[in-house]
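S.K.: Provided herewith is a single structure, encoded as C-alpha cells, for subsequent inquiry.
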Amino acid sequence: MHSRNTGGWRDLYSDWNSMIRDIVSCRRCRLHATRKNAVPGEGNVNSKIMIVGEAPGRTEDEMGRPFVGAAGNLLTKILRGFGVDRGDVYITNVVKCRPPNNREPMNDETETCSIYLLSQLLLIKPKIVIALGNHAGRWFADRFNLQWPGISRIRGRVLEGRIMDLELTVVPTYHPAAALRKPQILKYIESDIGKAIELSKRKDSGKDHAEGRKTLLDFIAGSSPSDKS
Ligand code: URA
C-alpha cells in the first residue's frame, strides 16, 4: 500500500495477529535495545474510540501494557467519570517501545514505528481518536497535512482528516501526565475527552460499528483483531 499521508509505507499489516507478533519482537529502531517489553496496545478492537499517547513509560515497559502507570490511572479515572471503562476503548501509543529515561521519541523512531499505528487505525477503523499530548496530536496533524500550532493552542478542537480510505475525527488534548504536574489543566482534559465521547455517540449511525466499517478482509479467519492487545 502506498500513499503520501501514510508516509509511503508499502507493507502495512492486514493481519492483526502478525502485526502484534512483529511489534513484540520488533528490532526496527534503536529502542528495542533498551526496552523490557514492547507495548502494542490493548482494549476493544471494535470500539469507535481509539486513545493514542506518545510512548510507553517505565511501568508500561515493565508490564507490556499501555497507560498503566500514574498517568494511566488518571486517564482510567477520567474515562470512568464519563461511564467509559478503559476496556471499552482501544488504547495505544504512537511509539510502541519506551525511550530511555522517558525522553521524547526521536523523529526517525516515530517514523519507523508509524507502520504499526497506521495498521492499527486501518484495521480497527475508529470513528474518533483522542490524541494525548503534543507528540500524538502532531502525528495526526502531519498525516492530515495540517499545521501543528502546539497542543495548548489546538486542544479541544475537532480535526477531520483522512488516512488512505479511512476518514477520521481526532480530538487532541493535553497528556494526563501534564495534569499530574499541573493540576489546573485537568479540567481541559476532562472537557476534551467528554467532547470526544459525545461526538462518538453522535457519529453512531445506528449501524453496528464492527459490521458497518470493517472490510471483508477483517472477517477472514486469522485476520480479525483479537480483543487482547
Ligand atoms: N505515557 C504515554 O504516552 N503512554 C503510555 O502508555 C504511558 C504514559
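The values are calculated or read from the model by the stated rules, or taken from the named source; none is laboratory data. What you see is a predicted model, and the numbers here were worked out from it, not measured in a lab. No Cβ is skipped: glycine too gets one built from the backbone with ideal geometry, and neighbour counts run over all protein chains shown. These accessible areas exclude ligands, DNA and RNA; they are computed on the full protein's heavy atoms, side chains included. Shrake-Rupley method; radii C 1.70, N 1.55, O 1.52, S 1.80 Å.
S.K.: Would you say Pro40 is more than 30 Å from Pro183 (Cβ to Cβ), in contact (Cβ under 8 Å) with a residue 40 or more places away in the chain and within 16 Å of the ligand (Cβ to nearest atom)? Spell out how you get there, then give the answer.
M.R.: Numbers: more than 30 Å from Pro183 (Cβ to Cβ): yes; in contact (Cβ under 8 Å) with a residue 40 or more places away in the chain: yes; within 16 Å of the ligand (Cβ to nearest atom): yes.
Spelling it out, Pro40 is indeed more than 30 Å from Pro183 (Cβ to Cβ), in contact (Cβ under 8 Å) with a residue 40 or more places away in the chain and within 16 Å of the ligand (Cβ to nearest atom).
S.K.: Say whether the condition of being surrounded by 20 or more Cβ atoms within 10 Å (Cβ to Cβ) and closer than 21 Å to Ile23 by Cβ is met by at least one residue in region 80-88.
M.R.: Within region 80-88, one or more residues are surrounded by 20 or more Cβ atoms within 10 Å (Cβ to Cβ) and closer than 21 Å to Ile23 by Cβ.
S.K.: What helices (runs of 4 or more DSSP H) completely inside region 167-229 contain at least 3 residues that are within 16 Å of the ligand (Cβ to nearest atom) and modelled with pLDDT of 90 or more?
M.R.: Working: elements: 176-181, 186-202, 209-213.
Fully inside region 167-229 and qualifying: 176-181, 186-202.
S.K.: Moving to a separate point now. Name the residues in region 89-125 that are over 15 Å from Gly57 (Cα atoms), of a type in the set (D, E, K, R) and open to solvent by less than 10 Å² (accessible area, probe 1.4 Å), would you?
M.R.: Within region 89-125, Glu109 is the sole residue that qualifies.
S.K.: Further question on the same structure: For residues that are under 25 Å from Arg21 (Cα atoms) and either among the polar types (S, T, N, Q) or not in a strand (DSSP E or B) (or both), tally how many sit in region 139-164.
M.R.: Initial filter on region 139-164 (under 25 Å from Arg21 (Cα atoms)): 139-140, 163-164.
Restricting the remaining residues to those that are either among the polar types (S, T, N, Q) or not in a strand (DSSP E or B) (or both) gives 139-140, 164.
Total satisfying the criteria: 3.
S.K.: Output yes when any residue across region 10-28 is closer than 16 Å to Pro66 by Cβ, surrounded by 19 or more Cβ atoms within 10 Å (Cβ to Cβ) and touching a His at 6+ places or on another chain (Cβ under 7 Å), and no when none is.
M.R.: Kept after step one, since they are closer than 16 Å to Pro66 by Cβ, are these residues of region 10-28: 19-20, 23-24, 26.
Subsequent filtering for residues that are surrounded by 19 or more Cβ atoms within 10 Å (Cβ to Cβ) retains 19-20, 23, 26.
This time we only want the ones that are touching a His at 6+ places or on another chain (Cβ under 7 Å), so: 26.
Yes, region 10-28 contains a residue that is closer than 16 Å to Pro66 by Cβ, surrounded by 19 or more Cβ atoms within 10 Å (Cβ to Cβ) and touching a His at 6+ places or on another chain (Cβ under 7 Å).
S.K.: In addition: State which residue is farthest from Arg21 (Cα to Cα) when the search covers only region 59-76 and only residues that are in contact with a helix residue (DSSP H, G or I) (Cβ under 9 Å, 6 or more places away or on another chain) and more than 9 Å from the ligand (Cβ to nearest atom).
M.R.: Filtering region 59-76 for residues in contact with a helix residue (DSSP H, G or I) (Cβ under 9 Å, 6 or more places away or on another chain) gives 59-60, 64-76.
Now drop any that are not more than 9 Å from the ligand (Cβ to nearest atom), which leaves 64, 73-74, 76.
Working: Gly64: 13, Asn73: 27, Leu74: 29, Thr76: 26 Å.
Within region 59-76, the match that is farthest from Arg21 (Cα to Cα) is Leu74.
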